[in-house]
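Structure, as structure tokens:
Derivation of every value follows stated rules applied to the coordinates shown; laboratory data play no part. In this text, all values refer to a predicted model and were calculated from it rather than measured experimentally. Reconstructed Cβ throughout: ideal geometry from the backbone, glycine too, with neighbour counts over all protein chains shown.
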Amino acid sequence: MIYVCKVLQITLPIIQGGMGNISNAKLTAAVSEAGGLGTIGCGTMTPDEVEKIIVETKKLTNKNFAINIAISISPYVTELINLVIKHNISVVSLSAGNPVPYIPLLHEQGVTVIALVASVKHALKAEEAGADILVAEGFEAAGVNSNLELTTFTLLPQIVKNVNVPVIAAGGIGDGKGLAAALTLGASGVQMGTRLIATKEAPFHDTYKHNLVNASDTETLLIGRSVGRLRRILKTPYAMKLKDLEKAGMTLEQYSEMTSEQQHVLGAIEGDMENGFVNSGQIAGLIENIPTVKILLDSMMEEAENQLNKSIEEIKDIRKNE
């Protein structure tokens, strides 16, 4: 954990997940200012759009932040890497595709590479290619998901056991107890997305935020299984329409069109839940308030420390009575 904080130049072992086309400077800067690693997710945005967010983020914070490139989703991977080099971004996370071809180039520029993986096999390949840090993401996570459907807390310890680089846990984590659990299973920190949506700095529609606060434990849907493109989203009128269409035999082309980044923006930014969708991880059922990012991250660290200390004391008491 200390090593990860040092390498990423952060004070708290908490990373913001890439949020695709709804990424913005305000939330990215807020996470970095609070001591975590803010992240700009490039999604399908053009290099010009991403560059504007980079410039704006640098105006809001002088702390470190990362760029997330979704390899198989973005049509501009090479151009985005050039942007990273141009603006001296020191951390890049690579997801949704094979990171191997891009790691050497990024290392040549002194960039720390984080690779998102969803299996031990993927983790070993990324480590062999030189990834500095791995993110083990379970299918509890929001948005585009692995078809392997492994849960975070089964995936995480298996990856930790098989690699020698630090591993970050992602998917289903949104509070201090989740952080404590991840650390106990060998993680060096956590990555969050959904929980950061429901914060004061996040410039998303209030309907999105309040839907998360009011969500139950069964308020998310996995769509796209029939076409091999899994995505976890929040239950909304549009989400139920997607589910019904998929049952009726939706084609991959139809699915791609109806789950485009434009539909995501429509839901998340404009709050139109009839014609757009919003991503959400299964952690939604634990979200009860909309704090500032700093209050959230600080409270997570305090809760994690208290939970770990409590567990240690309980284990000691049990051992005494053996």
| What GluC sites (Glu not before Pro) in the range 215-299 are in a loop by DSSP, with at most 12 other Cβ atoms within 10 Å of the Cβ? | E274, E288
| Once the Cα gyration tensor of the range 104-145 is found, what semi-axes does its equivalent ellipsoid get, as square roots of 5 times the eigenvalues, in whole Å, sorted largest first? | 22, 12, 7
| What share of Cα pairs, in percent, lie more than 19 angstrom apart in the range 220-279? | 16 percent
| Pairs of lysine in the range 2-199 with Cα under 26 Å and at least 8 positions apart or on different chains: total? | 21
| Residues with amide H under 5 Å from that of E201, placed H, sequence gap 5 or more | V293
| message | Please report the equivalent ellipsoid semi-axes of the chain, computed as sqrt(5 x eigenvalue) of the Cα gyration tensor, largest first, in whole Å. | response | 28, 25, 20
| Can you tell which of G130, G249, G193 shows the greatest fluctuation in a Gaussian network model of the chain with Cα springs below 10 Å? | G249
| note | In debye to the nearest 20, the charge dipole size for the chain, taken about the Cα centre with +1 at each Lys and Arg Cβ and -1 at each Asp and Glu Cβ, equals 360 debye
| request: Name the residue farthest towards the positive end of the dipole of the range 220-279 from the options A248, Y238, H264, assuming +1 on Cβ of Lys and Arg, -1 on Cβ of Asp and Glu, about the Cα centre. | output: A248
| field | Long-range HN-HN contacts of I168 with modeled amide H, under 5 Å | value | L134, V135, A136, S188
| Per-residue ³J(HN,Hα) for the range 206-217, Karplus 6.51 cos²θ - 1.76 cosθ + 1.60, θ = phi - 60°, Hz, x for Gly and Pro | 4, 4, 4, 4, 5, 5, 5, 4, 8, 5, 8, 5
| query | When only Cα pairs under 8 Å and 6 or more residues apart are kept, what is the percent relative contact order across the range 93-142? | reply | 37 percent
| Out of residues 5 or more away from V278 or on other chains, whose amide H comes under 5 Å of its own, with H placed 1.01 Å from N in the peptide plane? | L234
| Which value, to two decimals, describes the C-alpha radius of gyration of the range 16-121 once divided by 2.2 N^0.38 Å? | 0.98
| said: Output wanted: per-residue J couplings in Hz (rounded whole) for the range 3-18, from phi through Karplus 6.51 cos²θ - 1.76 cosθ + 1.60, θ = phi - 60°, x for Gly and Pro. | reply: 4, 4, 4, 5, 5, 8, 6, 10, 10, 10, x, 10, 10, 7, x, x
| field | Unit Cα scatterers, Debye sum, the range 190-322: log10 I(q)/I(0) for q = 0.17 Å⁻¹ | value | -0.89
| said: Roughly how far apart, in whole Å, are the Cα centres of the range 219-246 and the range 106-149? | reply: 25 Å
| task | Pick out, from Q191, V84, L8, the residue whose Cα sits farthest towards the positive end of the charge dipole of the chain, with +1 on the Cβ of Lys and Arg and -1 on the Cβ of Asp and Glu. | result | L8
| query | Under the Karplus relation 6.51 cos²θ - 1.76 cosθ + 1.60, θ = phi - 60°, what is the ordered set of whole-Hz ³J(HN,Hα) values for the range 109-120, x standing for Gly and Pro? | reply | 9, x, 8, 6, 10, 9, 10, 7, 10, 10, 7, 4
| query | With charges only on Cβ, +1 for K and R and -1 for D and E, what is the dipole size of the range 220-279 about its Cα centre, in debye, rounded to 20? | reply | 400 debye
